[in-house]
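Please read the structure below before turning to the comments.
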Amino acid sequence: MGQNKAKAKLAEGKRIFGYLMPGHAPDIVEAAAEAGLDYVMMDGEHGTVEPGSIEEMVRAAEVVGVAPFARVPVNREEVILRFMDRGLVGVMIPHVSTAEDARAAVAAIKFSPHGMRGMSRGRWTLAYRGEENVFAAANRETLVICMVEDQEAIDNLDGILAVPGVDVIQIGTSDLSQSLGYPGQVRHPRVQEAVERIVRRVRSRPGPFPAVGVGGLGPANADLLKAYDGMGARFINIPLAGLLTLATRRFVQEMGG
C-alpha cells in the first residue's frame with residue numbers, strides 16, 4: 001500500500017469518507033473503493049470484528065486501494081497490538097477522556113521513538129515494501145483517531161489536543177448525548193452545542209492535524225453532518241447499516257412498493 005492516501009488527504013486539508021463496517025465483509029471493502037471512498041472502518045467496539053477476522057478485509061483494502069482502519073473495543077496496548085499487526089494503517093480508540101488516555105493510545109499504536117508498540121515483522125510489513133525502515137514508515141503513515149464522547153473529555157480537550165501524534169478527534173455523538181443527560185438525542189440543542197464547541201476548538205489549532213470528525217450520525221442525519229462539515233469536520237464516517245436501510249427504503253418507494 002505504501003502511502004496512506006487517506007492520511008495524505010487530511011494533511012492537505014481535505015475531507016475523507018469511509019464506511020463504518022459492523023462485521024466481516026470483504027466484498028463491501030471492494031464496493032467502498034468502487035464508490036470512491038477513502039477508507040473502511042472495521043468496528044471492533046460495537047461490531048463483531050476481531051483481530052482474527054479482519055485480515056481478509058485488510059487484504060481486500062490493500063488490493064483496491066482504500067485505507068484499512070479499525071475501531072478497537074478498548075484502549076489497551078495488548079488489544080491494539082493484535083489489531084495493528086493484521087496490517088491496519090489507522091486505529092480509532094473509544095472513550096479518550098484525558099491526556100493520559102491519548103498518550104496511551106499513541107504509545108500503543110506507534111513504534112519508538114513516538115511510542116512503544118510491540119515490535120514484530122508480521123504481515124503488517126507488507127504495506128511498506130521497499131521502505132528502508134518499516135517501523136519508521138508505519139509511524140509516518142498510521143492514523144491515530146481518538147474518540148471524544150463524554151463530558152470529561154470535553155473538560156480535558158485542550159490537554160488531549162496537545163498530545164503529539166493524535167491525528168483525528170472523532171466526536172461520538174451518541175455516547176456524548178448520554179453523558180450530557182440526553183441519551184440518544186443527538187439533535188438536542190445541548191448536544192449540538194457541545195459538538196459545535198468541540199469542532200471549533202479543534203479547528204482553532206494551527207495546521208491540518210488533528211482533524212475533527214463527527215460520528216454517531218447516519219445518513220438519516222445527513223443535514224447535521226453537512227452542518228458540522230461546514231464548520232470544518234473532515235473525517236466522515238458512514239454507518240453501513242444505516243446507509244443500506246435508507247437506500248433500500250428509497251429504492252422500494254421508487255418502485256412503488
Practice prompt. Work out the length of the dipole vector of the chain about its Cα centre, built from +1 on the beta-carbon of each Lys and Arg and -1 on the beta-carbon of each Asp and Glu, and round it to the nearest 20 debye.
Written response: 540 debye
Item to complete: Report the percentage of all Cα-Cα pairs in the stretch 1-152 whose separation exceeds 27 Å, rounded to a whole percent.
Response: 15 percent
Discussion item. What does the extension gain come out to for GLN178 and ARG82, with contour length at 0.36 nm per residue minus their alpha carbon separation?
Written reply: 31.5 nm
Worksheet item: So who's got an amide H within less than 5 Å of the one on ILE93, skipping anything under 5 residues away but keeping other chains? H placed 1.01 Å off N, in plane.
Response: ILE145, CYS146, MET147
Discussion item. Could you derive backbone 3J(HN,Hα) for the stretch 240-247 from the dihedral phi with the Karplus parameters 6.51, -1.76 and 1.60 (θ = phi - 60°), listing whole Hz in sequence and x where the residue is Gly or Pro?
Written reply: 4, 4, x, 5, 4, 4, 5, 5
Worksheet item: Nearest 0.05, what FRET efficiency do ALA227 and ARG205 give at R0 = 22 Å with Cβ-Cβ as r?
Response: 0.60
Worksheet entry | Residues whose placed amide H lies under 5 Å from that of GLY215, excluding near-sequence neighbours | ILE171, GLY172, THR173
Practice prompt. Just subtract the alpha-carbon distance of GLN253 and GLU196 from 0.36 nm times their residue separation and send over the number in nm, one decimal.
Written response: 17.1 nm
Worksheet entry | Total formal charge among the other residues, if their Cβ is under 14 angstrom from that of VAL64, Lys/Arg +1 and Asp/Glu -1 | -4
Worksheet item: Summing Lys, Arg as +1 and Asp, Glu as -1, what charge do residues with Cβ under 12 Å from the Cβ of ASP43 carry, ASP43 excluded?
Response: -1
Fill in: Mean residue ellipticity (222 nm) of the chain, computed from DSSP H runs ≥ 4 via -39,500 (n - 2.57), nearest 500
-12000 deg cm²/dmol
Discussion item. I need the calculated FRET efficiency for the pair ALA241 and SER112, taking r as the beta carbon distance and R₀ as 45 Å, to the nearest 0.05.
Written reply: 0.70
Item to complete: With θ set to phi - 60°, apply the Karplus curve 6.51 cos²θ - 1.76 cosθ + 1.60 along the stretch 249-257 and write out the HN-Hα couplings as whole Hz, x wherever there is a Gly or Pro.
Response: 4, 5, 5, 4, 5, 5, 7, x, x
Practice prompt. Project the alpha carbons of the stretch 20-100 onto their principal axes and report the range along each, largest first, in whole Å.
Written response: 39, 22, 19
Worksheet, complete the sentence: For the chain, averaging the sequence separation of alpha carbon pairs under 8 Å that lie six or more residues apart and dividing by its residue count, the contact order in percent is 18 percent
Discussion item. Given a Förster distance of 25 Å, report the FRET efficiency between GLN185 and ALA8 from their Cβ-Cβ distance, rounded to the nearest 0.05.
Written reply: 0.10
Worksheet item: Along the Cα-to-C-beta direction of ALA35, a point sits 7 Å from the Cα; which residues of the stretch 191-230 have their amide N less than 13 Å from that point?
Response: 218-220
Worksheet entry | Whole-Hz couplings from phi, Karplus 6.51/-1.76/1.60, listed for the stretch 122-129; x for Gly and Pro | x, 5, 4, 5, 4, 5, 10, 4
Worksheet item: Taking Cα pairs under 8 Å and at least six residues apart, what relative contact order does the stretch 56-168 come out at, in percent?
Response: 30 percent
Response to the item:
Extension length gain for ARG123 and ASP158 (0.36 nm per residue less Cα distance), in nm, is 9.0 nm
Worksheet item: Using the 10 angstrom Cβ neighbour count as an exposure proxy, how do MET41, MET255 rank, fewest first?
Response: MET255, MET41
Worksheet item: For the residues PHE235, PHE83, PHE17, what sequence is obtained by ranking on other C-beta atoms within 10 Å, fewest first?
Response: PHE17, PHE83, PHE235
Worksheet item: Please state the equivalent ellipsoid semi-axes for the chain: what are the square roots of 5 times the Cα gyration tensor eigenvalues, largest first, in whole Å?
Response: 27, 24, 16
Worksheet entry | the stretch 175-219-the stretch 66-133 distance, computed between alpha-carbon centres (Å) | 25 Å
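Laboratory data are not the source of any read-out in this text; all were calculated from the coordinates shown. This structure is a prediction, so every number in the text was calculated from the model and none was measured. No Cβ is skipped: glycine too gets one built from the backbone with ideal geometry, and neighbour counts run over all protein chains shown.
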